[in-house]
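Let me begin by presenting the structure, written as structure tokens, before commenting on it.
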Amino acid sequence: MSTASLAPTAPLTILRHRLRREVVDTPMIFGVVFALTMAITLLVSMFTPVSISAWDLATQFVRWYAAGLGVYVTAVYLPIYITHGYTRRAFLQQLPIFVAAATALAAVLVALGYAVEHVVYRVAGWDQQLTSDHLFTVPTEFGLVALSFGLVILVYVVGGALAGAAFYRNFLVGFALIPPLFGAAALTEVFRGGVPVPGSFPSWVIGSIESAPVVATGVLAAGLVVVMGVLLWWLVRDLPIRSKPA
């Protein structure tokens, strides 16, 4: 990566630089995972009837991709931007736009995966049953699928960015944030319906969560993102940049 390629000649250079990479990288990665998923499904169909959505299982990788994306942006690219003349303020101003765009792109690709899989399954005569509860009931609800996964991806990307900045600044701070970050991710998954509510919870709590509409899940995700965003700003606003060893 050359200095000229990151020279601060325009206010949104950081944003354009990162989005150019994600527009190429994210569809390619998702496409490879989808192709492998379909290939494995075809192999399985030779031995047993296919009755569940393989893509529904494969979307577990989306969480870790989103978290890794967030970590990479703050732990790797932020120091590079600063050493090439950009300010922490410029990074923080452009980060929300990048996060929103990257989240939307990933969510649409997940929904597209369900739609393409639906066509493949219909042609093959397979049953595309979901493997867990979601905010959507059938894989062909494209908008609701994208929204459902978008809420989760958003929390994971911002959580990853917070973790990356925390570990870069101080390993102890990073380790201290691991439990609450996992808790935020788990809470979002519970409200979204991705994991069952623990039976030890009071019945009124279980009933409230299981009946939570899309709006309630969105409010929860937005609240978590705001809290993590404030913590991220606090960590990055005066982030010290480590010098490379000679």
Query raised in the report: Do we have any residue at all in segment 10-25 that's closer than 18 Å to Val145 by Cα and β-branched (Val, Ile, Thr)?
Result: no
Query raised in the report: Of all residues in segment 3-47, which are at pLDDT 80 or above and among the polar types (S, T, N, Q)?
Result: Thr26, Thr37, Thr41, Ser45
Query raised in the report: Do we find that Arg63 is out of contact with any Pro (no Cβ under 7 Å at 6 or more places or on another chain), surrounded by fewer than 12 Cβ atoms within 10 Å (Cβ to Cβ) and of a type in the set (Lys, Arg) in this structure?
Result: no
Report task. Could you list all residues from segment 89-143 that are touching a helix residue (DSSP H, G or I) at 6+ places or on another chain (Cβ under 6 Å), polar (S, T, N, Q), at pLDDT below 90 and closer than 30 Å to Arg21 by Cβ? Result -> Gln94
Query raised in the report: So, in segment 110-135, of the ones that are part of a helix (DSSP H, G or I) and in contact (Cβ under 8 Å) with a residue 60 or more places away in the chain, which residue ends up farthest from Thr188 (Cα to Cα)?
Result: Ala124
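With the requirement that a residue be of a type in the set (Ser, Thr, Tyr), within 19 Å of the chain's Cα centre (by Cα) and outside any loop (DSSP other than H, G, I, E, B), what does segment 36-71 give you? Break it down into steps so the answer makes sense when it comes.
Looking only at segment 36-71, we keep the residues that are of a type in the set (Ser, Thr, Tyr), and these are 37, 41, 45, 48, 51, 53, 59, 65.
Going one step further and asking which of them are within 19 Å of the chain's Cα centre (by Cα), we end up with 59, 65.
Across segment 36-71, the qualifying residue is only Tyr65.
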Report task. Quickly run through segment 90-99 and pick out the residues that are touching a residue at least 24 places away in the same chain (Cβ under 8 Å) and either surrounded by fewer than 18 Cβ atoms within 10 Å (Cβ to Cβ) or polar (S, T, N, Q) (or both). Result -> Leu92, Gln94, Pro96, Ile97
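The values are calculated or read from the model by the stated rules, or taken from the named source; none is laboratory data. The model shown is predicted, which means the values in this text are computed figures rather than measured ones. Counting neighbours? That spans all protein chains shown, and the Cβs are built from the backbone with ideal geometry, glycine included.
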